[in-house]
Amino acid sequence: MIKNQTSRYKTWVEVDTRALRQNFSAVQKLAGKNVSVLCVVKSNAYGHGLVETATSVLALRSFREGGWFGVDSIDEALLLKKAGIKNPILILGFIPKPRLAEAIKNGFRFALYDLDVLKESVRIAKKMRKRALVHIKVESGTYRQGVMREDVPRFADIFRTHKSILIADGIYTHFADTENSSSQYYKEQLQSFTAIVSLFEELGVSPRYRHAAASAAVLMYPETHCNMVRWGIGLYGLYASKDVQKHAINSLLIRPVLSWKTRVAQIKTAPKGATIGYDRTFTALEPMKIAVLPVGYWDGYDRRLSNKGSVLIGRKKCSIVGNICMNIAMADVTHVPRVHAGDEVVLLGRQGSEEISAEEIADKIGTINYEIITRINPLIPRVVL
């Protein structure tokens, strides 16, 4: 049945819903019944498919009854609403002022860290006679988005003055380096966050939800859990770093959710001395059997994998040869018997006993597993298994 589903595609992504739900249930058990879980589905659910991922998680009753979604933009939030999702949605990223009205009208929660945006939100909420539900983003040491401690009194004054329409639904911060177990900087950040929360409370603003821990801190530092955790990369079965995987508390096991596949478009023989691809960066030292693959850097298969990456064909690892093109890549299948045009190729995932992981690809091109999965072109079909 899966083969029939994918036979029309030249490249596609498969999403394993059993693994996805297992990863959610695992963190829910770890966090405990008094801690809400916000599933981060921003950036097309880290490449897994925004709506496909959200609707798959919603199949779990435990999520439907208390789970949240976190997105980056108003557009992502609207896509979830259009898909019929009624669970709370928190917009974590920047919202242009002309679109604040959409967030307020639709009842989305949104990150608030700028005084001018706060004032504009009040103005719009008054005009619409709707409540603005915000999560105050606190600066605790990353120097990205966030309310500075010295600005807390001015923020709190506006919240107190407009408490009937301006609802501080939550308050949160983000850690800088919890992926590194040798660093204790998170303790300074947690202390700073706690102090700012207390200051807001002293000034009459007491948000209901407090969250600081994203996937790495969730797995390593239970003291950071507060009453909500943000489950991002962990939801997709990947660890934020090798350090996190090694030191995760309770040895929490999560499974990768995503596989990325393509097909063999053509098989050809390159004679000894032939050069392969643009710029002639690879020369055949012996006659070689080459598989032409209909996938390239437009799809998100990084050009830095040229002459460096591997794919799985016929349950064997095959080296990428030549420069990866916009829509085409080439692989050495000299050692693979009985390979034909149309055969399935695994770019990321398992085939038989072999596996190509996001971490392996990331190591080869000097980046992190997050980038490998999130940069898969969103136009590529996501097939839910």
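Build a GNM of the chain with springs between Cα atoms under 10 Å apart, and of 154, 18, 350 the one that fluctuates most is 154. Under 5 Å between amide hydrogens, built in the peptide plane, is the criterion, and for residue 138 it picks out 147, 172, 173 among residues at least 5 positions away or on other chains.
Would any residue of region 319-344 have its amide N under 17 Å from a label point 7 Å out along Cα→Cβ of residue 303? List them or say none. Flagged as within label range: 321-330.
If you restrict to DSSP beta bridges whose two residues both lie in the chain, what percentage is antiparallel, to the nearest 5? Walk me through the numbers on the way to the answer.
Values: 30 of 60 bridges.
Antiparallel: roughly 50 percent of the beta bridges in the chain.
I'd like to know which of 262, 287, 203 lies farthest towards the positive end of the charge dipole of region 199-288, counting +1 on Cβ of Lys and Arg and -1 on Cβ of Asp and Glu. Ranked along the dipole, the leading option is 287. Here residue 97 sits with roughly 90 square angstrom of accessible surface, probe radius 1.4 Å. Taking Cα atoms only, the orientation of helix 152-161 departs from the longest principal axis of the chain by about 60 degrees. Taking θ as phi - 60° and the Karplus parameters 6.51, -1.76 and 1.60, the scalar couplings of region 121-126 work out to 5, 5, 4, 5, 4, 4 Hz in sequence order, x denoting glycine and proline.
Given a 1.4 Å probe and heavy atoms of the protein chains only, how would you sort 94, 69, largest accessible area at the top?
Values: 94 135, 69 0 Å².
Final ranking, largest accessible area leading: 94, 69.
Compute, for region 168-326, the length of the dipole vector about the Cα centre, with Cβ point charges of +1 (Lys, Arg) and -1 (Asp, Glu) only. Units Debye, rounded to 20.
Values: 19 positive and 12 negative charges, 276 e Å.
Using only the charged Cβ atoms, the result is roughly 1320 debye.
Of 115, 312, the order by accessible heavy-atom surface (1.4 Å probe, DNA, RNA and ligands excluded), from most exposed downward, is 115, 312.
For the chain, the solvent-accessible area with a 1.4 angstrom probe is 46 square angstrom per residue. Between residue 306 and 324, the built amide H atoms are under 5 Å apart, and every one of these is 5 or more places off in sequence or on another chain.
Counting only protein heavy atoms and using a 1.4 Å probe, what share of the accessible area of region 122-256 belongs to carbon plus sulfur, as a whole percent? If you can, show how the numbers build up before the last one.
Values: 3020 of 6230 Å².
The value for region 122-256 is 49 percent carbon and sulfur by accessible area.
A Gaussian network model of the chain, with springs between Cα atoms under 10 Å, assigns the largest mean-square fluctuation among 119, 261, 127 to 127. Of 142, 11, 262, the residue with the greatest mean-square motion in the GNM of the chain, using alpha carbon springs below 10 Å, is 142. For region 93-108, putting each phi into the Karplus relation 6.51 cos²θ - 1.76 cosθ + 1.60 with θ = phi - 60° gives couplings of x, 6, 10, x, 3, x, 10, 4, 4, 5, 5, 5, 4, 8, x, 6 Hz, in residue order, rounded to whole numbers and with x for Gly and Pro. For region 68-195, DSSP calls about 0 percent of its internal beta bridges antiparallel. Would the chain count as rounded, prolate or oblate if I go by the C-alpha gyration tensor, calling it rounded below 1.5 in a/c and otherwise prolate when a/b exceeds b/c, oblate otherwise? Prolate, since a/c reaches 1.5 and a/b exceeds b/c. Computed over region 258-375, relative contact order equals 28 percent, with contacts defined as Cα pairs under 8 Å that lie 6+ residues apart. Label reach from residue 75 (point 7 Å along Cα→C-beta): in region 36-53, amide nitrogens under 13 Å belong to 43-44. When the chain is described by a simple charge dipole with +1 on each Lys and Arg Cβ and -1 on each Asp and Glu Cβ, the residue from 330, 140, 101 located farthest towards its positive end is 101. Taking the Cα centre of the chain as reference, the dipole from Cβ charges on Lys and Arg (+1) and Asp and Glu (-1) amounts to some 1300 debye. Measuring only protein heavy atoms, the 1.4 Å probe finds residue 363 accessible over about 100 Å². The listed residues 92, 253, 100, once ranked by accessible area (1.4 Å probe) with the largest placed first, stand as 253, 92, 100.
Any idea what angle helix 17-31 forms with the longest principal axis of the chain, computed on alpha-carbon atoms, 0 to 90 degrees, nearest 10? Between the helix axis and the principal axis of the chain, the angle is about 40 degrees. Around the amide H of residue 132, modelled in the peptide plane, lie the amide H atoms of 166, 167, all under 5 Å away and 5 or more residues distant in sequence or on another chain.
The values are calculated or read from the model by the stated rules, or taken from the named source; none is laboratory data. Note that this is a predicted model, so its numbers are computed, not measured. Note that each Cβ is placed from the backbone with ideal geometry, even for glycine, and that neighbours are counted across all protein chains shown. Ligands, DNA and RNA are stripped out before the accessible areas are found, and what is left, the full protein with its side chains, is counted by its heavy atoms. Shrake-Rupley method; radii C 1.70, N 1.55, O 1.52, S 1.80 Å.
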